[in-house]
Structure formats: C-alpha cells, structure tokens
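Here's the structure we're looking at; comments come further down.
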Amino acid sequence: MSKAIIKVSELRKDYHVGEMTVHALRGVDMEIYEGDFAAIMGTSGSGKSTMLNILGCLDKPTYGEYQLDGVNMGTMNKNQLAGLRNNKLGFIFQSYNLLPRTTALENVELPLFYNSKVKTKERKERAMHALEQVGLADRMDHMPNQLSGGQQQRVAIARSLVNDPVVILADEATGNLDTRTSYEIMELFQRLNDNGKTIVFVTHESDIARFMKRNIVFRDGRIQKESAVSDRFNATQLIEALPVDEDYES
Amino acid sequence: MNYANLTKIATTALKRNKFRAILTMLGIIIGVGSVIAMLSIGESSKQSIREEMSDMGTNMIFVMPGQQRRGGVMMGNSNTKTLTLKDIEALRKEAKNITEVSPQVSTSGQAVNGNNNWPTTIYGVDAPYLDIRKYELEDGRIFTDKEIKSLAKVCIVGQTVVENVFNDNVDPIGQTIRFGGIPLKVIGVLKEKGENGMGMDQDDMILAPYTSVQRRMLAITHIQSIYASAVSEEQSDAAIEEIETILRRQHKLKEGDDDDFQVRSQAEMVEMVSSVTDMLTLLLGAVAGISLLVGGIGIMNIMFVSVTERTKEIGLRMSVGGRGFDIMMQFLIEAVMLSILGGIIGIIFGTALSYLASFALDMPFVVDTQAVGLSFLVCSVIGIFFGWYPARKAANLDPIDAVRHE
Ligand SMILES: Nc1ncnc2c1ncn2[C@@H]1O[C@H](COP(=O)(O)OP(=O)(O)O)[C@@H](O)[C@H]1O
Ligand SMILES: [Mg+2]
C-alpha cells in the first residue's frame, strides 16, 4: 500500500477512576494508509472510541507514539493540537453534534471560522461545496431540528469535509440511524473514499464493517485481528436490493 | 481566528437567546440608566439653582447682625441691634469694592384695600435696593430722597399683592393700601419675578422707604440687615473683607473680638448650594453605581450558566480546531457585548428619564456627556471583569470531556 498517514506504536491509555485504573488501551500498533477505508471493530468497551479520540487529537495517550501525516503528536502543545484538528482532521460523532438553532450552512462553516486564512467569501463557498458533496445543497438554510437524523449526519460529514482533512474519523456514525439511512451514509462514505479520502470508521456492527476495505478488531484494549475485507458490500447495490415496503421517507 | 469571526459567533449566540440576553442586560440597563439619570438630574438641578440664584444677583452681598457660632450655626436674628444707619453711611463713603448699599427693615402684617385683605411682608429699603436685588419696576417710580427723608407714606407693590389687594381693572398706582393701620400711597408696581430656588414667592411683598417702616411701624432706630452690590462677582470676596473691616471699626471691636455681624455673598451661597447638590449627586450616583455592580455580577452569573450549558458546544468547537484562547475570547466578547449593549440601552433609558424629570420638575435638560462616556467605559470594564472568569473556565475545558458532556 501507499504512504502511511497515521502511525501509532505501543499506544496505551489508562483512566483513573477513584482507586481503580482502567486500561482502555494496552499497547496498540497500527497504521492507516493514504486512501485507506478502515473499520475499527470490537465489542463495547474494547477501546475503540478511546483509540479514535487519540487519533483525533482530542485526547492524549498515557504512553506510546502517534504520528499524523509525518508529525509527532507527543511534541505538540494544546494550541498546536487544535491547529491539527482544524487542518488535518475531520471528526464525525455518533450523535451528530450540530450546533442547535444554527443553519446547516453555518454548521458546516464552523471549522473554517477557526482558520484565519479563510475569508468570509471562501468560507461560504467551501461550506456550500461540502453540502453539495453530501447532497444537501437545498437544505443549507435548515436548522438541525428541521432535518432528519440521516440529513443531520450528512451535515456533520460535510462539516468534517470542509477543511479538506487528510483523514476522516467517524465514531459509530451510523449508530443512531435505521438500516436504509445507514446504507445511504455508507454509500456517501464509499464515494468519498473512491474519490481518495482516507477514512477510519469505528463500528461494533459487523455488517457495517463490510462496507470498508479493511477491518481492525479491538478486544480489551488490544488489536485482536486485522484483515482485508474480501467480499465487500457495495452500498448502492444494497440500497436497490432493499425491500420496497421499507422504502419510507429518508 | 480573527475578531470579526469571534464577534459574529458571539452575536449569533446572543441572538439565539434573545430573551435571556435582555434579562441579563437588565441589571446593566438599570444600573447605567440610574447613574445617567442621577448625574443628569443632579447637574440640571444645580444649573437651575444657579440660574435662580443669579436671578437674585450674583454680586449681591448681605450683612446680618449677630455672631456666628462655632460649627457654622447662624445665630443672627432681627432682634440683634448691632447694625445702624451709621454703618450704611460708612460703607457708602469708604467701601471701594461695592457700588450700592441699602438698609432693610421688615415686618409682616395685613395689607388692606377696601374689602380686600392680604397677609404679606413690608420691606423698608432705600432706592438702590431694587438694583441690588434685581427687581424691576413695571410701572410707576421709585422713592425719592425727599420721600425717604420725610418718612413718606408711599410704597411699591409686588404682583402677588396687586392681584390680591386690588380689584381687576384697577390701576394700583395712586391707590392707597393700609398696612399696620398706616395708609400708604402706591407709587410703583414691580415686575413679576416668580418663585426663587426655595419655592418662595418673590412677588409677595411691599417696598416702602426704610425710614417709614423703621419709625412709623417698628419704632426702632437700628436696621435689620444691609444689602449691597459688589463691583463684580469676582470682587465679592474683596468686598466682604472690606465690609468686615469697616463694620468692625464702626462697632469698635478689638482684635480678638468676634464679629457681631455676618457678611455673606450670593456668590458664596451659590458655591455652598452647588457643593451640597454636588455631594447629593455624588451620593445618588454612588448608589446607582452599586446597582451597576450588581448588574455586572448578574452578567457573570449568566455567563457561568451559559458556559456550563454550552459545554458540549465548546467541546465541538474545540474538536473542529477552536483553541482555548478562541473560546475564551468568544465568551469574553459575549460578556462585553452584553454589558455594552446594556450600557447603550441604559444611556438611552437614563437620558429619557432625566428628560422626563427635567420636564416634570421644570428644570433645564442637561445630558452629562462625561457621565455617558464614563458609563461606556465602566460597562466595557464590567464586561471584561465579570466575563473573564467564566470565559477562562470555558477555555480550560478539556476537549474530550467537553464534547462528551451530556
Ligand atoms: N473518561 C473515562 N473515564 C474512565 N474510564 C473510561 C473513560 N472513557 C472510557 N473509559 C473506559 O475505557 C474502556 C474503553 O472505552 P471506550 O473506548 O469508550 O470503548 P468502546 O468505544 O469500544 O465501547 C471502557 O472500559 C470504559 O469504561
Ligand atoms: Mg465507543
């Protein structure tokens, strides 16, 4: 495969809760390549989210090394980490995390607000373009509460795309959605990946994991198994195959 | 992150919660409003009192008999017989800093004309009295020297007396008023002067030659007070000193003896009244300032609530690249905008209030521009001061904890 965008080695994360220490990650070595579409799988509590939060520079490891796009995270201070989140990373949450009472367009603009190089006009154009990519150009003036769950997640995806990140990190991005909407979201991710986006996607659902190119299975804070997906799902085909009576409004 | 963006974010946040923003600003609005109103009303009442007092003549100096007690309590009264006509003569001859002098003796009684009857005061004065006290004749003439020397039974009447003693359409000139049983021929009518600063009717009076009042009505030889005009307002102090020196010599007071009279100038009175109103204004302003402080605490309170409530939003902003400093500035700008906006509304509110007050109290309408500028400054400082701690709390949140916050 091509160049490694993410490289972690011996990554550990301990949480201290009262007297007890929880070892959420117990030494993880992992690489994500340019153009990769990797699922991080595993049962609940296996350390998937902890891993993704560290990859997303939202959290710091207790021990170990993390290199993102050639930059060593261990040497970065808080503000530099914020800069990295702003320039190199796109994060998608299970619960969308859109700003309430704020239009779809303004939600998508948000990361660019924190980039002083981007002027107002460019910010609007780029946000508009990102919304077009997720098929919501006509909903730019809608508030989150005027959008369905699937549409809200699309807005969140557009927000993660708007700064043209080197990698998109998604944590159970389909966790709150029904099957059809999940497939539609996966269709979007597959298209983004086909266009060259690197994506790391956390899920505990094995059928969702089959939309990706590669599966990394976590167990008790360690990687249990790593494998390429041999019989990969094509989301577009699956949606067409869904029974018609399930075809309710999206 | 530039400030235009931060300001936009803060504006949007405020717009999203308009009602709360207004409630938060209320403290500042009331605080600034009352500071502005108090200072403006204070300033305008000071001006109005000054105007009233200069209507009475800022060059005016008056001398009362009696001593001034320690601590400033006035002891003088009309029964103290230390002032005499000789004093007047001496002043007239020797004092260089005064232009005019007049004695004054007065007594109250009923003014009677036909069936009309009016309780008023008669002032026995010399001709320059009108100039000194800024009275003007509407009709008729002032006493002649001859009338004064001859204890003439003549008088000049004020408008209130005219209204109450004479029937409508009767020309008072040439009519006769009985006062204390003595018939006085009206030779002049004063122009209306209205109320003075203390609400006293300045038209409710009769002027007569001091000789007539002294001898015919009071049967005394001393005088009750002396009125004089300083050459100018600036020379008031010099005039006071001069008068004191002359009177002490006249009264044969030795060095170390207390004065047996008191000299006051109108300029001095204006100063005194001004300093009293200044103090009152300051006091009211301070009380209003406290409410401004309470308003600031209100802002801090709401900003804390806001930070807690929007922890998830803060986490999200951090996760898309917001630095601690950006977050802090966002909340700080929000606080400053709240307080400045509140300040602006407060200034409008306070100005409106002082306009209404000046209208209701019939005083000049003054906007204390200094107070307006100061309020503006104070509001910004309050916003920064009380917004600082909540904003820092927001900035120090851990991104992952914040974004996970429920
Ligand atoms: N903030 C935290 N404080 C204490 N323990 C935590 C915290 N976050 C996660 N953990 C623990 O770390 C382990 C891994 O959690 P997580 O990464 O969220 O798992 P997953 O996303 O795979 O369900 C769990 O045992 C969880 O209880
Ligand atoms: Mg998880």
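Please treat every number below as a calculation from the coordinates, not as lab data. The structure presented is a predicted model; accordingly, all values stated were derived computationally and were not measured. Cβ placement follows ideal geometry from the backbone for every residue including glycine, while neighbour counts extend to all protein chains displayed.
Points to keep in mind about this one:
- Spatial separation of Cα centroids for region B:270-307 and region B:353-386, in angstrom: 11 Å
- In region A:1-108, the GluC sites (Glu not before Pro) that fall in loop regions by DSSP, at most 10 other Cβ within 10 Å: A:GLU19
- Diffusion coefficient, µm² s⁻¹, Stokes-Einstein with Kirkwood Rh over alpha-carbon pairs of region B:25-146 at 20 °C and 1.002 mPa s: 112 µm²/s
- Global size of region B:96-232 as Cα Rg and Dmax, reported in angstrom: 14.3, 49
- Shown here for region B:112-147: GluC sites (Glu not before Pro) in loop regions (DSSP other than H, G, I, E, B) with at most 15 other Cβ atoms within 10 Å, namely B:GLU136.
- In order through region B:245-253: 3J(HN,Hα) via Karplus (6.51 cos²θ - 1.76 cosθ + 1.60), integer Hz, x for Gly, Pro: 4, 4, 5, 4, 5, 4, 8, 6, 8
- In region B:245-312, GluC sites (Glu not before Pro) in a DSSP loop with at most 13 other beta-carbon atoms within 10 Å: B:GLU255
- The protein assembly as shown: antiparallel DSSP beta bridges as a percent of all, rounded to 5: 70 percent
- Unit Cα scatterers, Debye sum, region B:339-406: log10 I(q)/I(0) for q = 0.17, 0.29 Å⁻¹: -0.72, -1.15
- Cubic angstrom per residue, convex hull over Cα atoms of chain A: 141 Å³
- Charge dipole (chain A, unit charges on Cβ, about Cα centre) - positive-most of A:ALA39, A:GLY83, A:VAL134: A:GLY83
- Only one residue of B:LEU253, A:PRO61, A:LEU161 has its Cα farthest out toward the positive end of the dipole of the protein assembly as shown, where Lys and Arg carry +1 and Asp and Glu -1 on Cβ, and that residue is A:PRO61.
- Neighbour counts of other Cβ atoms within 10 Å put B:SER275, A:SER182, B:SER358 in the fewest-to-most order B:SER275, B:SER358, A:SER182.
- Note on the protein assembly as shown: Cα-only Rg and Dmax are 44.8, 137 Å.
- Members of A:LYS88/A:LYS117; A:LYS78/B:LYS312; A:LYS13/A:LYS60; A:LYS60/A:LYS197; A:LYS88/B:LYS312 lying beyond 20 Å, as alpha-carbon distances in this model show: A:LYS60/A:LYS197; A:LYS88/B:LYS312
- Within region B:96-232, antiparallel bridges make up roughly 80 percent of the DSSP beta bridges whose residues both belong there.
- Put simply, the amide H of A:ALA173, placed in the peptide plane, has neighbours under 5 Å in A:VAL202, leaving out anything fewer than 5 places away on its chain.
- Karplus-based coupling profile of region A:3-12, in residue order and whole Hz: 4, 7, 8, 10, 9, 10, 9, 6, 6, 10, with θ = phi - 60° in 6.51 cos²θ - 1.76 cosθ + 1.60 and x standing for Gly or Pro.
- Distance between the C-alpha centres of region B:101-177 and region A:52-127: 92 Å, rounded to the whole angstrom.
- Euclidean distance between Cα centres, region A:144-169 to region A:2-47, Å: 24 Å
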